[in-house]
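The values are calculated or read from the model by the stated rules, or taken from the named source; none is laboratory data. Just so it is clear, the model here is predicted, and its values are computed rather than measured. A quick note on method: Cβ atoms are made from the backbone with ideal geometry, for glycine too, and the neighbour counts reach across all protein chains shown.
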Amino acid sequence: MSLDFYKKYGVSEEAVSLAAMADEAVTPVYRKIDEVKAYNQLKVLDAFRENKFSDVHFGSTTGYGYDDIGREKIESIFARIMGAEASYVRIQISSGTQAISSLLYGLLRPGDTLLSVTGRPYDTLVSTLGLTDETYDGSLLQYGIKYKETELGSNGDPDIDSILSAIDDTVKVVFIQRSRGYTGRRALLCSDIKAIADAVHTRKSDIIVAVDNCYGEFTEKTEPCDVGADICAGSLIKNPGGGLCPSGGYIAGRADLVEKVACRISAPGLGSHVGPTLGFNRTIAQGIFMAPHVVAECLKGAVFAAKMFEMKGYRTAPLADEERGDIVQTLIFEDKDMLVKFCGKIQACSPVDSFVTPEPWDMPGYEDQVVMAAGSFVQGATTELSCDGPIKPPYIAFMQGGLVSEQARLAVMLALS
């Protein structure tokens with residue numbers, strides 16, 4: 001676009017020139033994103049075709065939701081896409097944290113040990129584990145479930161030796177958080193997940209390898225269950241909902257494990273057989289279909305941001321040309337005010353609440369104050385462009401999402417103007 005086009009948005013001539021140079025530099029990266037998108041889009045299309053999806057499956061159920069043929073068809077399609085035996089895809093799951101917590105409660109029993117091999121999990125899951133100073137009623141710790149963790153290596157690679165050393169007879173679930181959370185480490189790739197799963201299953205074949213797949217779906221040609229994970233979980237207001245789902249989450253993996261989790265979410269004996277779709281089958285199905293395209297838009301916006309800030313001398317992770325296992329881009333500001341101001345630029349370029357100025361606040365489930373920009377059609381949807389960060393050094397902005405990459409591009413150009 002010409003300088004005159006961007007001038008009316010407040011973008012400087014320098015930022016327009018920098019954007020042109022950034023685009024030229026990362027053109028090969030954009031091509032690779034498009035290649036992955038095309039592969040995943042046809043994989044998704046094949047799953048719909050193989051399952052003979054029809055408009056009859058858009059129907060709605062209420063109450064118990066018995067015999068919901070649309071729900072059953074969508075779960076069969078989603079399992080095929082995720083490389084899993086079965087899936088549980090429900091509008092009633094309100095967040096990724098709920099999906100992952102339900103997975104852990106469904107699989108672990110008193111006396112079992114949960115081993116996290118990617119360090120301390122994301123802040124919102126720590127309360128489920130019972131690791132906070134404040135005692136939350138019903139945590140895993142209260143149920144007599146033990147917890148251990150190992151750290152990743154210095155370069156973010158899985159530390160296989162440490163993982164194997166930590167495994168004893170009580171370890172029931174090995175837990176992998178694919179995305180970075182509020183840390184500076186890289187997101188794991190499916191090749192990393194495969195290395196962990198292969199090593200763990202070789203040491204003790206009955207250990208369950210479970211993956212928090214939030215932010216990672218469709219960023220690669222494979223998913224965790226394709227490469228040896230037994231089960232994974234995520235949110236439909238992140239990647240797999242395609243920006244359309246107003247709520248929802250999923251569990252996918254071995255059929256027996258998925259049903260155990262379903263029994264935790266509903267009740268023993270009911271499991272996956274209940275759960276009304278309330279008219280959302282069409283939205284969920286269309287969101288899944290659109291997801292590869294939307295994730296590619298998210299990735300292009302992230303790559304553009306990384307390159308622009310690198311050219312201005314900022315530290316970023318991942319770098320613009322690095323492989324990506326999630327849609328999150330971190331920008332390290334080393335300054336509280338700059339972090340807050342950047343979130344303000346993201347908010348100002350949002351279709352919803354663009355006139356609002358984000359301020360740090362005590363957000364439930366987080367140890368530090370958090371500043372969050374999220375002018376989204378669905379509250380908290382991180383497939384839509386958002387940016388947040390804890391108010392603590394080194395003042396990292398965690399930018400993710402973007403249904404259209406043009407929105408992220410404008411926000412970055414404004415921030416650097």
Considering residues of the stretch 1-49 that are among the β-branched types (Val, Ile, Thr) and within 25 Å of ILE327 (Cβ to Cβ) only, the residue surrounded by the fewest Cβ atoms within 10 Å (Cβ to Cβ): THR27
Name the one entry in ASP353, ASP326, ASP335, ASP388 that is farther than 29 Å from ILE288 by Cβ, of a type in the set (D, E, K, R) and not assigned by TED's automatic domain parsing to the domain that holds SER127. ASP335
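Table: residues versus (1) among the basic types (Lys, Arg); (2) in contact with a Ser or Thr (Cβ under 8 Å, 6 or more places away or on another chain); (3) in a loop (DSSP other than H, G, I, E, B); (4) in the same structural domain as VAL370 (by TED's automatic domain parsing).
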| site | (1), (2), (3), (4) |
| --- | --- |
| ALA187 | no, yes, yes, no |
| SER191 | no, no, no, no |
| SER205 | no, no, yes, no |
| GLU217 | no, no, yes, no |
So is GLU384 touching a residue at least 12 places away in the same chain (Cβ under 8 Å) and surrounded by fewer than 19 Cβ atoms within 10 Å (Cβ to Cβ) or not? no
How many residues does the stretch 121-139 hold that are at pLDDT 90 or above, assigned to a loop (DSSP other than H, G, I, E, B) and either under 22 Å from the mean Cα position of the chain (by Cα) or not assigned by TED's automatic domain parsing to the domain that holds ASP212 (or both)? 1
Can you pull out the residues in the stretch 113-145 that are crowded, with 18+ Cβ neighbours inside 10 Å and under 20 Å from LEU164 (Cβ atoms)? THR113, LEU114, LEU115, SER116, VAL117, THR118
What about GLY249, is it of a type outside the set (S, T, N, Q), modelled with pLDDT of 95 or more and surrounded by 24 or more Cβ atoms within 10 Å (Cβ to Cβ)? yes
Any chance the stretch 166-177 includes a residue that's closer than 27 Å to PRO390 by Cα and not aromatic (Phe, Trp, Tyr)? yes
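Residue by residue, here is whether (1) crowded, with 24+ Cβ neighbours inside 10 Å; (2) without any contact (Cβ under 8 Å) to a residue 24 or more places away in the chain; (3) of a type in the set (D, E, K, R); (4) in contact with a Pro (Cβ under 7 Å, 6 or more places away or on another chain) holds:
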{"position": "ILE284", "(1), (2), (3), (4)": "yes, no, no, no"}
{"position": "MET290", "(1), (2), (3), (4)": "no, no, no, no"}
{"position": "PHE304", "(1), (2), (3), (4)": "yes, no, no, no"}
{"position": "ALA320", "(1), (2), (3), (4)": "no, no, no, no"}
{"position": "ILE332", "(1), (2), (3), (4)": "no, no, no, yes"}
{"position": "ASP337", "(1), (2), (3), (4)": "no, yes, yes, no"}
In the stretch 364-373, is there at least one residue being acidic (Asp, Glu), under 20 Å from the mean Cα position of the chain (by Cα) and not assigned by TED's automatic domain parsing to the domain that holds PRO246? no
Scanning the stretch 252-270 for residues that are surrounded by fewer than 19 Cβ atoms within 10 Å (Cβ to Cβ) and touching a Cys at 6+ places or on another chain (Cβ under 9 Å), which turns out nearest to HIS57 (Cα to Cα)? LEU270
